[in-house]
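Structure, as structure tokens:
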Amino acid sequence: MDERPKSHRLDAPRNVARLVYALAVACALLLVVDVFSPKHPHLPYEGWEGFFAFAGFFAYLGIVASAKLWRKLVMRPPDYYGDDDDG
């Protein structure tokens with residue numbers, strides 16, 4: 001039997017670059033649609049162009065930053081369970 005690991009489409013850097021490019025184009029198109037869509041804001045800043053895109057991006061950054069801090073607080077040392085040998 002063949003023991004080689006199966007390759008995946010995203011293993012090729014060219015395909016990853018295409019995916020990132022497609023995501024950037026989709027985000028830009030959605031931002032353009034946001035400019036031309038009617039808004040019914042409850043608060044004044046909700047009417048700003050691209051407000052929810054930027055708010056979501058900064059919320060994501062906040063989650064990642066807090067996860068890094070949380071990891072430092074709850075991470076166990078590498079030898080928490082003892083040595084790697086079976087003894």
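Readers should treat all values here as calculations from the given coordinates under stated rules, not as data from a laboratory. All of these numbers come straight from a predicted model, not from anything done at the bench. A quick note on method: Cβ atoms are made from the backbone with ideal geometry, for glycine too, and the neighbour counts reach across all protein chains shown.
Couple of notes before you dig in:
- Candidate values [x] 68, 43, 16; [y] 61, 32, 19; [z] 45, 45, 26 were compared with Cα extents along the principal axes in Å computed on the shown model; the agreeing label is [x].
- Helix axis angle, 13-36 relative to the chain longest principal axis, alpha carbon, degrees: 30 degrees
- Only helical runs count toward this figure. For the chain, summing -39,500 (n - 2.57) over DSSP H runs of n ≥ 4 and dividing by all residues gives -19500 deg cm²/dmol at 222 nm.
- Chymotrypsin sites (Phe, Trp or Tyr not before Pro) lying in DSSP loop within segment 3-87, provided at most 10 other Cβ fall within 10 Å: TYR80, TYR81
- Given the chain, longest segment not containing exposed loop trypsin sites (Lys or Arg not before Pro) (DSSP; at most 12 other Cβ within 10 Å): 40-87
- With Cα atoms, 0 to 90° folded angle of helix 51-74 axis to the chain main axis: 20 degrees
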